[in-house]
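Report on one structure; see the data block that follows.
Every number here is computed from the coordinates shown, using simple stated rules; none is lab data. Being a predicted model, the structure only gives us computed values, none of them experimental. Glycine also receives a Cβ, built like all others from the backbone with ideal geometry; neighbour counts cover every protein chain displayed.
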Amino acid sequence: MTNPGDKISRGRILVIAGCMFAGKTKRLIEELRRAEAGGRRCAAFKHALDDRYAPSALATHDGLQLPARPIATPEALLPEAERADVIGIDEAHFFGRPLAGVIRQLRDRGRHVIAVGLDNDAWGRPFPPFPQLKEMADEIILLRAPCTVCGEPAPYSQRMVPVTDEFMVGGLNEYEPRCAKCFVPLPPPAPDY
């Protein structure tokens, strides 16, 4: 039981978004390591679908890794994150809109939440839950890679191979960063989020 004078401080939400190859996961790893160095308890999570480089680690395209728990639903974060002060969630777009409500709950429980992922899908549309997360965020960091066609800052990820499934998990050969001028959205039909 808490004392009426005790007050749980409200947490914070940091959103790190951008296109493929912009350094989002690297930035998440840096944020979590900085928090750990400051004495905070950290927990890293990723969607269970994302097993590209390491099934139980946050992993960058160039090989940097940090242990992470794979989970399949946003709700699985709630019990898993109880013992952490700082929660990092990589590839947050795989969790869809329900992740926003879970992150709100974590923030209201005093947790610092870092949500990382693509803010635009392969059709050029905002990728849920990023519009909702950006509205709730205390801080937003937008990262851009150079467009592979012209070198300008790229907010989009160009799908380079045929669509084979709904989630389109991919890496170096499946996507390229593209600026608004060089990006070509995938043809319809686009998924209904």
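Per-structure values
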{"quantity": "Ratio Rg/Rh, restricted to the chain and using Cα atoms, in which Rh is the Kirkwood radius", "calculated": "0.99"}
{"quantity": "Rel. contact order, % - alpha carbon contacts under 8 angstrom, at least six apart, the range 96-190", "calculated": "26 percent"}
{"quantity": "Any cysteine of the chain lacking a neighbouring Cys Cβ under 4.7 Å - listed by number", "calculated": "Cys19, Cys42, Cys150, Cys182"}
{"quantity": "Selection from Gly11, Leu142, Val161 lying farthest towards where the dipole of the chain points positive, charges on Cβ", "calculated": "Gly11"}
{"quantity": "DSSP beta bridge pairing in the chain, given as percent antiparallel to the nearest 5", "calculated": "30 percent"}
{"quantity": "Cα long-axis angle, helix 24-37 against the chain (0 to 90 degrees, to the nearest 10)", "calculated": "20 degrees"}
{"quantity": "Segment Val149-Ala190, extension gain: residue separation times 0.36 nm, minus the distance between their alpha carbons", "calculated": "12.4 nm"}
{"quantity": "Zone residues, the range 135-165, relative to Ala180, backbone N less than 20 Å from point 7 Å out along Cα-to-Cβ", "calculated": "135, 140-159"}
{"quantity": "Size of charge dipole - the chain - debye, nearest 20, with Cβ of Lys, Arg +1 and Asp, Glu -1, no other charges", "calculated": "540 debye"}
{"quantity": "Degrees between helix 98-108 axis and first principal axis of the chain (Cα, 0 to 90, nearest 10)", "calculated": "30 degrees"}
